[in-house]
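The values are calculated or read from the model by the stated rules, or taken from the named source; none is laboratory data. Worth saying up front: this structure is predicted, and the values here are computed from it rather than measured. Note that we place each Cβ from the backbone using ideal geometry, even for glycine, and neighbour counts take in every protein chain shown.
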Amino acid sequence: MKKAARFFPRALLCAAILAAAVHGAAFASRPAPRAPMLERIAAEKEVYGIVHWGLNTYTDREWGYGDEDPAMLNPSAFDADQIVGACKAGGLCGLVLVAKHHDGFCLWPTKTTEHNITKTPFWRGTGNGEWGTGRDYVKEMEQACRRAGLMFGVYCSPWDRNSAFYATDKYVEIYHAQIKELLDGRYGPVFEMWFDGANGGDGYYGGAREKRKIGAGYYRFDEIFSFVRALQPGVSIFCGEEAGDLRWPGNERGYLDPDSRATIDPCGGVVDGKYGNPDYKNIINTGLPGGKEFKVAEADFPLRKGWFYHESEKGTTQSGLYLAKIYVGTVGNGGTMNIGIAPNKEGRLCDDDVLALKRFGEFRKILFANEVKAGGPAAQSSGFNIVVMREDVSGGELVDEWEFLADGRAVLSGKSIGIKRIRLLREPVKAANCGIRVLKSAGDAKVSFSLYRAEQSVVDAVLDANEDGGETDTAKWMTRQD
């Protein structure tokens, strides 16, 4: 159906989105985000990080086998404020903390397993060489986030290569209890709970040293999502299951299709590396206009080559300029951006990583420092070379085709607008009149836009940045669909 362009000032659009989240506005036929996700969209909480640190940092592995000695966790200068401060300088709004990876080692004093931080020198050491008690890594990182004004989230791996009970009903109860410990309030409000699909395979399993497989529905995620939201009403859930708020886009390179959208059909769960819905692998990155779920694509990728710190990967840190390009290609294509942060054996971020994050924050400020009023003198004299478009998604993503017009001429076009589209132009456009023309939509779409003028050399440098280190080993494992 044809629709004429409609314009909404940015402040009014954000207020409308937030009001819909709080008051439960009546939605159109397309699925819409849950209230916590709507609030994040309205507040533009779109760039955050996921922190990988633990026994793998000391074994030089990406995935621990489950038989690692907790005595290895003995950083010489752990500094949560240094880690969090570097992320804040990069403009990150929050951190998801890996509290437990596939090796089953819990980085908090859990009551569910002996394989936890209380068995480490980190727990007993005070950090100044004295022998003390009680350092909780999860708590120290959570408090550092609060001090810096960053949101705090957690990831607790479903797969546990240490537990003798894995692949039995007893382990499911253990796993549920671990999540409840992390979300029961001892670590404050949690903005995102992270789940992934790396489940089942070889492991230590209490000394059995064998391969174990699980069936569909093993973890009882329906129960998990219910108590997660009951314990943390403001949480958003990243997962591959049906009830989540965010989805994996099928790669760990920070790439989303230019017309990627949040609406998508269910994946049907993942078992033995295969989706229950065989068509899902073809739409995981792009989404689907008629999709049954609203699940924002969260583009996760490591700042370095791997998720955990490896000395051999020195020099692989993505530059701040390339991070800016990824930002335009993820947040600017309707998703969110999740950067993998990897503290080293000392318990700090290395200088290369700190600098890259700092430069990333600076490039984002440069790109969006100079807003140009549409139709104003600057738009006509010096022009604009950055266009940011938004759709009010409180009633779902309705736009299916659009053009951006400058003095009646289409200078940009696409299919989806959704949460946000950012387009950088090779040459400034000068125009007295600008607007979005919605050519096709599923309802009464409400759209808005902002214009910016940045140094053309910076815009070109972002567009031309190319330091992609290739796909991660984790993503290669996750996409073994054949």
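Answer with yes or no whether A167 is out of contact with any Gly (no Cβ under 8 Å at 6 or more places or on another chain) and assigned by TED's automatic domain parsing to the domain that holds K139. No, not satisfied.
None of A299, A324, A342 is crowded, with 23+ Cβ neighbours inside 10 Å, over 27 Å from E455 (Cβ atoms) and in contact (Cβ under 8 Å) with a residue 12 or more places away in the chain except A342. Residues of the range 47-78 that are of a type in the set (S, T, Y) and without any contact (Cβ under 8 Å) to a residue 60 or more places away in the chain: T59 alone.
Against the list (1) part of a loop (DSSP other than H, G, I, E, B); (2) out of contact with any Asp or Glu (no Cβ under 6 Å at 6 or more places or on another chain), the condition V387 fails is (1). Filter the range 40-86 down to the residues that are among the small types (G, A, S) and more than 22 Å from the chain's Cα centre (by Cα), then identify the one that is surrounded by the most Cβ atoms within 10 Å (Cβ to Cβ). Out of the qualifying residues, it is G66. Within the range 355-402, the set of residues being surrounded by fewer than 21 Cβ atoms within 10 Å (Cβ to Cβ), more than 28 Å from F294 (Cβ to Cβ) and touching a Leu at 6+ places or on another chain (Cβ under 8 Å) comprises R359, E371, K373, A374. Going through (1) aromatic (F, W, Y); (2) touching a strand residue (DSSP E or B) at 6+ places or on another chain (Cβ under 6 Å); (3) without any contact (Cβ under 8 Å) to a residue 12 or more places away in the chain one by one, Y155 falls short only on (3).
When the test is whether a residue is in contact with a Pro (Cβ under 7 Å, 6 or more places away or on another chain) and of a type outside the set (V, I, T), Y219 passes it. For the range 429-441, the criterion of being in contact with a Pro (Cβ under 8 Å, 6 or more places away or on another chain) and either under 30 Å from A89 (Cα atoms) or not in a helix (DSSP H, G or I) (or both) is satisfied by no residue at all.
Of the numbered conditions (1) closer than 20 Å to I422 by Cα; (2) aliphatic (A, V, I, L, M); (3) modelled with pLDDT of 95 or more, L349 satisfies every one except a single condition; which is it? Against the list (1) closer than 20 Å to I422 by Cα; (2) aliphatic (A, V, I, L, M); (3) modelled with pLDDT of 95 or more, L349 comes up short only on (1).
Is it true that some residue in the range 426-441 is modelled with pLDDT of 95 or more, polar (S, T, N, Q) and either at positive phi or crowded, with 19+ Cβ neighbours inside 10 Å (or both)? Yes, the range 426-441 contains at least one residue that is modelled with pLDDT of 95 or more, polar (S, T, N, Q) and either at positive phi or crowded, with 19+ Cβ neighbours inside 10 Å (or both). Taking the condition at pLDDT 95 or above and surrounded by 23 or more Cβ atoms within 10 Å (Cβ to Cβ), does G149 pass? No; evaluated as a whole, the condition is false for this residue. On the stretch given as the range 355-382, residues that are outside any helix (DSSP H, G or I), in contact (Cβ under 8 Å) with a residue 60 or more places away in the chain and of a type outside the set (A, V, I, L, M) total 5. Listed by first and then second residue, the pairs linking a residue in the range 177-192 that is touching a residue at least 12 places away in the same chain (Cβ under 8 Å) to a residue that is basic (K, R), with Cβ atoms under 7 Å apart and 6 or more places separating them unless they lie on different chains, are Q178/K100; Y187/K139; G188/R146. Scanning the range 319-344 for residues being more than 17 Å from the chain's Cα centre (by Cα) and not in a helix (DSSP H, G or I) gives a total of 3.
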